[in-house]
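To start, the structure itself, in structure tokens.
The values are calculated or read from the model by the stated rules, or taken from the named source; none is laboratory data. None of the values given here were measured: they were computed from a predicted structure. Backbone-built Cβ (ideal geometry, glycine too); neighbour counts: all protein chains shown. Remember, those area values only see protein heavy atoms, side chains included, never the ligands or the DNA or RNA. Shrake-Rupley method; radii C 1.70, N 1.55, O 1.52, S 1.80 Å.
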Amino acid sequence: MNLDRETDPEPLEAYKVFRTLGTRWMDNDVYGHVNNVVYYSWFDTVVNNYLIEQGVLDIQHGGTIGLVVQTHCNYFSPIAFPQTVRAGLRVAQLGRSSVRYEIGLFADDEATTAAKGYFIHVYVDRHTRRPVPLPGPLKAVLEKLI
């Protein structure tokens with residue numbers, strides 16, 4: 001892992017697809033910026049929304065689900081209500097049953113990340129919670145984000 005890449009802001013071009021998110025009044029904390037827990041919620045929202053849009057995640061009835069086993073975020077500049085956030089998404093690693101998603105958050109029209117992070121999903125059988133190989137359609141969608 002290249003630590004410089006992880007700890008430095010990145011440009012828009014470093015990400016494959018983008019989604020727009022709105023900040024909410026309640027996202028700000030007493031320090032006047034979006035609280036750190038909201039960033040993790042944005043990570044989940046961007047990834048899962050993308051997978052649902054692509055038709056490879058059925059949150060109600062799918063036999064395979066992704067469980068978060070690790071997550072991380074670096075913060076470079078504050079985001080606050082009422083800013084708009086552009087979230088960039090890419091896949092950094094694709095394993096047999098796991099994937100590392102990387103997300104960059106861009107405030108308004110900024111050219112570099114205000115924050116960026118990752119989380120790792122291990123895909124498991126919904127009922128047994130045991131790891132399973134990535135389903136073919138899911139793997140195909142994820143390969144496009146590498």
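Yes/no matrix, rows are residues, columns are (1) within 24 Å of Leu12 (Cα to Cα); (2) in contact with a strand residue (DSSP E or B) (Cβ under 9 Å, 6 or more places away or on another chain):
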position	(1), (2)
Gly55	no, no
Ser98	no, yes
Gly104	yes, yes
Asp108	yes, yes
Scan segment 100-113 for residues that are closer than 17 Å to Asp44 by Cα and in contact with a Ser or Thr (Cβ under 8 Å, 6 or more places away or on another chain) and jot them down. Gly104, Leu105, Phe106
Segment 103-123 residues that are at positive phi, paired with ones that are of a type outside the set (A, V, I, L, M) (beta carbon under 7 Å, 6 or more apart): Asp108/Gln83; Asp108/Thr84
More than 21 Å from Pro133 (Cα to Cα), at pLDDT below 95 and of a type in the set (Lys, Arg): which single residue out of Arg24, Arg19, Arg5 fits that description? Arg5
In segment 127-146, which residue that is part of a loop (DSSP other than H, G, I, E, B) and β-branched (Val, Ile, Thr) is least open to solvent (accessible area, probe 1.4 Å)? Val132
Which residue is farthest from Val85 (Cα to Cα), if the candidates are limited to segment 21-59 and must be open to solvent by less than 50 Å² (accessible area, probe 1.4 Å) and β-branched (Val, Ile, Thr)? Val56
How many residues are without any contact (Cβ under 8 Å) to a residue 40 or more places away in the chain, open to solvent by less than 40 Å² (accessible area, probe 1.4 Å) and of a type in the set (S, T, N, Q) when one looks only at segment 60-97? 1
